[in-house]
Amino acid sequence: MTKTKFIIRPARHEDAAAIADVNMNPRRRCYAAFMPPEFIAANIVTPQRIANWQQRIAQKDFLYLGETENGKIVALAWGSPSHNPEIPIPFELHALYVLPDCQGCGLGRRLIEKFAEYAGYRPFYLYMLKNNPVAGFYRHMGGIRHPEYDIQKTWQSFILEEEAFFFHPQKKI
C-alpha cells in the first residue's frame, strides 16, 4: 500500500475476526519458507481463534491495531505485563503482525513505540520463531537477542523453537 495513512487505535470487541485474520495471514506467508506445510495449513481463522481474541480484548491488556483510512485492519500488537518469572523483564509483547502488503510502511515501528509507551518505557521482551526473517526488523528497533532465554514449546503437535529479544526503550524528548 503506497501513500496510505494508517490509524493506530485500541482494539474493540467487534474487531476480533479481523484481528484473527491479521494474526494468521502473515504467518502463512512468512513462515512458509521455514515451517512444514502442515503447520502453515493449521494457521487459519476459526471460531475458537475469534473467541480467543474477543477474550483478549475484554482483558484490557495492550491490544492495538493499525487500520487504513478506510477502516481495514492491517496490523496488530498485543502485550501485557510479563507473567514469566524466569525472565527479569517487566513486560512482554506477545504478538506483532502486519499484513504483508503493509510491511515496510512503518506500522510495526509505530506499534512497538505504542507498546513502549504503554510499558512506561520500561524494558520488554518478545519471542519469535527461530529463522524468522523479521529478526532484522527487531534488531533495527533495538531488540537484543538473549539466547539464554530461548524456549521450545508445542503448538498443535508442532515443536516450535523461539528466540528471545529484549528491548530497553528510551522515552523520546
Filtered residue count, segment 23-60, keeping only those that are part of a helix (DSSP H, G or I), at pLDDT below 90 and open to solvent by less than 50 Å² (accessible area, probe 1.4 Å): 11
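Condition check: out of contact with any Leu (no Cβ under 8 Å at 6 or more places or on another chain) and within 22 Å of Trp53 (Cβ to Cβ). Does Met141 satisfy that?
On the way: out of contact with any Leu (no Cβ under 8 Å at 6 or more places or on another chain): yes; within 22 Å of Trp53 (Cβ to Cβ): no.
It is false that Met141 is out of contact with any Leu (no Cβ under 8 Å at 6 or more places or on another chain) and within 22 Å of Trp53 (Cβ to Cβ).
I need a count of the residues in segment 61-75 that are more than 18 Å from Phe115 (Cα to Cα) and either open to solvent by 40 Å² or more (accessible area, probe 1.4 Å) or without any contact (Cβ under 8 Å) to a residue 24 or more places away in the chain (or both).
Keep residues of segment 61-75 that are more than 18 Å from Phe115 (Cα to Cα), which gives 68-72.
This time we only want the ones that are either open to solvent by 40 Å² or more (accessible area, probe 1.4 Å) or without any contact (Cβ under 8 Å) to a residue 24 or more places away in the chain (or both), so: 69-72.
The number of residues fulfilling the criteria is 4.
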Residues of segment 87-108 classified as open to solvent by 30 Å² or more (accessible area, probe 1.4 Å) and more than 20 Å from Tyr127 (Cβ to Cβ), total: 4
Among the residues listed as Leu126, Leu111, the single one being closer than 27 Å to Thr154 by Cβ and either polar (S, T, N, Q) or open to solvent by less than 40 Å² (accessible area, probe 1.4 Å) (or both): Leu126
Test set (1) basic (Lys, Arg); (2) surrounded by 12 or more Cβ atoms within 10 Å (Cβ to Cβ); (3) in contact (Cβ under 8 Å) with a residue 40 or more places away in the chain - Lys171 fails condition number: (2)
Yes/no for Leu96 being within 17 Å of the chain's Cα centre (by Cα), not acidic (Asp, Glu) and not in a helix (DSSP H, G or I): yes
Residue match in segment 76-86 (condition: free of Cβ contacts under 8 Å to residues at least 60 places away in the same chain, open to solvent by 20 Å² or more (accessible area, probe 1.4 Å), part of a strand (DSSP E or B) and over 17 Å from Met24 (Cα atoms)): yes
Residue match in segment 143-152 (condition: closer than 21 Å to Arg109 by Cα, modelled with pLDDT of 85 or more and open to solvent by less than 40 Å² (accessible area, probe 1.4 Å)): yes
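The values are calculated or read from the model by the stated rules, or taken from the named source; none is laboratory data. Since we're looking at a predicted model, the values are computed, not measured. Cβ sites come from the backbone with ideal geometry, for glycine too, and all protein chains shown count toward neighbours. For the accessible areas, the whole protein counts, side chains as well, though only heavy atoms, and no ligand, DNA or RNA atoms are used. Shrake-Rupley method; radii C 1.70, N 1.55, O 1.52, S 1.80 Å.
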